[in-house]
Amino acid sequence: MNRPLDNELHAWVDGRLDATRAAAVTAWLAQHPDEEACLIAWRRQKELLHAAFDPALEEPVPTRLSDLARRRAPSRLWRAAAAIGWLAIGIGTGYILRGEVPAEMNRTPALARNAAIAHVVYTPEVRHPVEVGADQEAHLIQWLSKRLGTPLKTPKFEQTGFSLVGGRLLPGERGAVAQFMYEDTSGRRLTLYVRTDPENRDTAFRYAQEGKVSVFYWLDHKVGYALSAEMPREELLAIAELAYRQLGRN
């Protein structure tokens, strides 16, 4: 099967393909994991948007605003204003679904946001949470280092109860991205998202919250790291500081 058309891929994300064509696209994506990861991330972004903004659609218009509109706005002008408002919402949503969010519309940096999305997409996986398991750690590190074009290493978190599960290669905005996954005895998982960016300048150690996912992220020369988990900030901070110390400077 040839690569599906872009409109089919978007329809697949939206769940608007007929059953036969959806099955064909799903089968094609299974053979192209980079494309599949990208579309799954789009679908998750869409879910996050609905979760964030759907409740607002159910809220009644404040009486003072509706009264003001009736008193002061001619019907044609009111309809034009409404159309412009919906157009702005549509443009903003389009930017978000394409991963091209203007800074004023999303204050979470792309590194933290993309790490959180990747975390949400892959941590629920039972059979295939990673591409290469921890039993092949040396191969995993060599492979991902080659794909990212920089030496990588996996921090050790055993003292916090988390052990390496393995890792995978992901598509990023500026090239390949690595994701390492860790798990504790209770089944909780955390992920370390690693990307390269020659333009990195800021080396600050920062925190972000994306839904239920806590993210600590930092930049070290040309490498960006983001540690994500669904756990309290203080607990993840201790692990992030351990990772920061072990990874050092590349």
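Which members of the range 11-41 meet the condition of being over 20 Å from ALA176 (Cβ atoms) and touching a residue at least 24 places away in the same chain (Cβ under 8 Å)?
TRP12, VAL13, ASP14, ALA27, TRP28
In the range 150-158, is there at least one residue being exposed (fewer than 15 other Cβ atoms within 10 Å of the Cβ) and acidic (Asp, Glu)?
Within the range 150-158, one or more residues are exposed (fewer than 15 other Cβ atoms within 10 Å of the Cβ) and acidic (Asp, Glu).
For the range 120-220, please list each of the strands (runs of 3 or more DSSP E) lying entirely inside it that holds at least 1 residues being among the β-branched types (Val, Ile, Thr), within 23 Å of LEU242 (Cβ to Cβ) and in contact with a strand residue (DSSP E or B) (Cβ under 6 Å, 6 or more places away or on another chain). Working first, answer last.
Details: elements: 163-172, 175-183, 189-196, 206-210, 213-220.
So the answer is 163-172, 175-183, 189-196, 213-220.
With respect to the numbered conditions (1) crowded, with 21+ Cβ neighbours inside 10 Å; (2) at pLDDT 95 or above; (3) of a type in the set (D, E, K, R), which one is the sole condition not fulfilled by ARG195?
The single condition ARG195 does not satisfy is (2).
Report the residue count in the range 152-185 for those that are on the phi > 0 side of the Ramachandran plot and within 22 Å of the chain's Cα centre (by Cα). Can you show your working first?
Pass one, the range 152-185, residues on the phi > 0 side of the Ramachandran plot: 161, 166, 175.
Add one more test, that the residue is within 22 Å of the chain's Cα centre (by Cα), and what stays is 166, 175.
Summing the residues that are on the phi > 0 side of the Ramachandran plot and within 22 Å of the chain's Cα centre (by Cα) in the range 152-185 gives 2.
Here are the criteria: (1) at pLDDT below 90; (2) buried (at least 16 other Cβ atoms within 10 Å of the Cβ). Tell me which single one GLY90 does not satisfy.
Looking at each condition in turn, GLY90 falls short on (2).
If we keep just the residues of the range 13-31 that are in a helix (DSSP H, G or I) and of a type outside the set (Gly, Ala, Ser), which is surrounded by the most Cβ atoms within 10 Å (Cβ to Cβ)?
Filtering the range 13-31 for residues in a helix (DSSP H, G or I) gives 13-14, 19-30.
Subsequent filtering for residues that are of a type outside the set (Gly, Ala, Ser) retains 13-14, 20-21, 25-26, 28-29.
Values: VAL13: 19, ASP14: 12, THR20: 8, ARG21: 14, VAL25: 22, THR26: 13, TRP28: 18, LEU29: 19.
Per the stated criteria, the residue is VAL25.
The values are calculated or read from the model by the stated rules, or taken from the named source; none is laboratory data. Only a predicted model underlies this, so the values are computations on that prediction, with no experimental measurement involved. Because the Cβ atoms are built from the backbone with ideal geometry, glycine has one as well, and the counts that use them run over all protein chains shown.
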